[in-house]
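Chemist: Structure in structure tokens, see below.
The values are calculated or read from the model by the stated rules, or taken from the named source; none is laboratory data. These figures come from a predicted structure and were not determined experimentally. Cβ sites come from the backbone with ideal geometry, for glycine too, and all protein chains shown count toward neighbours.
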Amino acid sequence: MRIIIIGPPGAGKGTLGRSLARHFRVPHFATGDLLRDALRDGKDTELTQAARVISGGEMVSDDVANALVFDNLNAPEAQNGWILDGYPRTVSQAEALAAFLKARNEQISAAVYLVVREETVLSRLDGRMVCKNCATSFHRRNSPPQVAGICDSCGGELIVRDDDTPSGIARRLRLFYDRTAPLEAWFAERNLLRRVSGEGEAEAVLTRCLTADLGEAKETMV
Ligand code: ADP
């Protein structure tokens, strides 16, 4: 299984990505989490310097994103499949990934496009808290943790992301429509696109996604 998840910020890519990874027993690589990990490590590397822009809602360059992902896809645990969340985010990244996979004789199984209304995105991001340690997300109103400020999954500290501010959210949404949404057509042309509604509970989204055909070429809206 080699599954890509795309969708606007707040669509639920991370939550779905972690569930799909458990379901298919493959690793889940979320470029946003990997960039935030690099920032937290605090080492003075090229990646850390490049990652600084994300707190304002800007994207890192395609070269940085590509190198980060290829590094992870080369790891032994990724040889039987993976879930990619937040990558590719531009047509140029998709072209680079396609070339990388072609050289290894590997194929993308499907690209899940999580479709959500803008008002859903805005209400999910306003109040979101994420675990510093395992990146699980919670919501102040919709899905609060059992103990305030503590992750139910791993006991880590919950924080509000630097880019979950009104200006960071606006910038990420604009970048999504300008640079990532064109991927919908790119995947559709290759018969890889699966449009899945990201509205409602996480469990319902996972069920819808698993009902979509994740292995064979077909276009669906579930
Ligand atoms: P969201 O989808 O909610 O914006 P992510 O955690 O997926 O959050 O990503 C956080 C930030 O990391 C993005 O706003 C962007 O700055 C950066 N980023 C993540 N993936 C990529 C990518 N493939 N290319 C460029 N920048 C990326």
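Chemist: With the checklist (1) out of contact with any helix residue (DSSP H, G or I) (no Cβ under 6 Å at 6 or more places or on another chain); (2) within 30 Å of residue 208 (Cβ to Cβ); (3) free of Cβ contacts under 8 Å to residues at least 40 places away in the same chain in hand, flag the one item residue 93 doesn't pass.
Modeler: It is condition (1) that residue 93 fails.
Chemist: When you check residue 115 against the structure, is it within 16 Å of the chain's Cα centre (by Cα), touching a residue at least 60 places away in the same chain (Cβ under 8 Å), closer than 22 Å to residue 174 by Cα and surrounded by fewer than 20 Cβ atoms within 10 Å (Cβ to Cβ), yes or no? If you could, list the steps in order and put the result at the bottom.
Modeler: Details: within 16 Å of the chain's Cα centre (by Cα): yes; touching a residue at least 60 places away in the same chain (Cβ under 8 Å): yes; closer than 22 Å to residue 174 by Cα: yes; surrounded by fewer than 20 Cβ atoms within 10 Å (Cβ to Cβ): yes.
Against the criterion (within 16 Å of the chain's Cα centre (by Cα), touching a residue at least 60 places away in the same chain (Cβ under 8 Å), closer than 22 Å to residue 174 by Cα and surrounded by fewer than 20 Cβ atoms within 10 Å (Cβ to Cβ)), residue 115 qualifies.
Residue by residue, here is whether (1) closer than 16 Å to residue 206 by Cβ; (2) assigned to a loop (DSSP other than H, G, I, E, B); (3) in contact with a helix residue (DSSP H, G or I) (Cβ under 6 Å, 6 or more places away or on another chain) holds:
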{"residue": "5", "(1), (2), (3)": "yes, no, yes"}
{"residue": "11", "(1), (2), (3)": "yes, yes, no"}
{"residue": "18", "(1), (2), (3)": "yes, no, no"}
{"residue": "26", "(1), (2), (3)": "yes, yes, no"}
{"residue": "35", "(1), (2), (3)": "no, no, yes"}
{"residue": "43", "(1), (2), (3)": "no, yes, no"}
{"residue": "48", "(1), (2), (3)": "no, no, yes"}
{"residue": "52", "(1), (2), (3)": "no, no, no"}
{"residue": "55", "(1), (2), (3)": "no, no, no"}
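Chemist: Go through segment 57-87 and give me each residue that's in contact with a strand residue (DSSP E or B) (Cβ under 7 Å, 6 or more places away or on another chain) and either assigned to a loop (DSSP other than H, G, I, E, B) or more than 18 Å from residue 109 (Cβ to Cβ) (or both).
Modeler: Answer for segment 57-87, where residues must be in contact with a strand residue (DSSP E or B) (Cβ under 7 Å, 6 or more places away or on another chain) and either assigned to a loop (DSSP other than H, G, I, E, B) or more than 18 Å from residue 109 (Cβ to Cβ) (or both): 81, 86.
Chemist: Also, quick follow-up: Exactly one of (1) at pLDDT 95 or above; (2) near the ligand (Cβ under 9 Å from one of its atoms); (3) farther than 16 Å from residue 192 by Cα; (4) of a type outside the set (Val, Ile, Thr) is unmet by residue 125. Its number?
Modeler: Just one mismatch for residue 125, condition (1).
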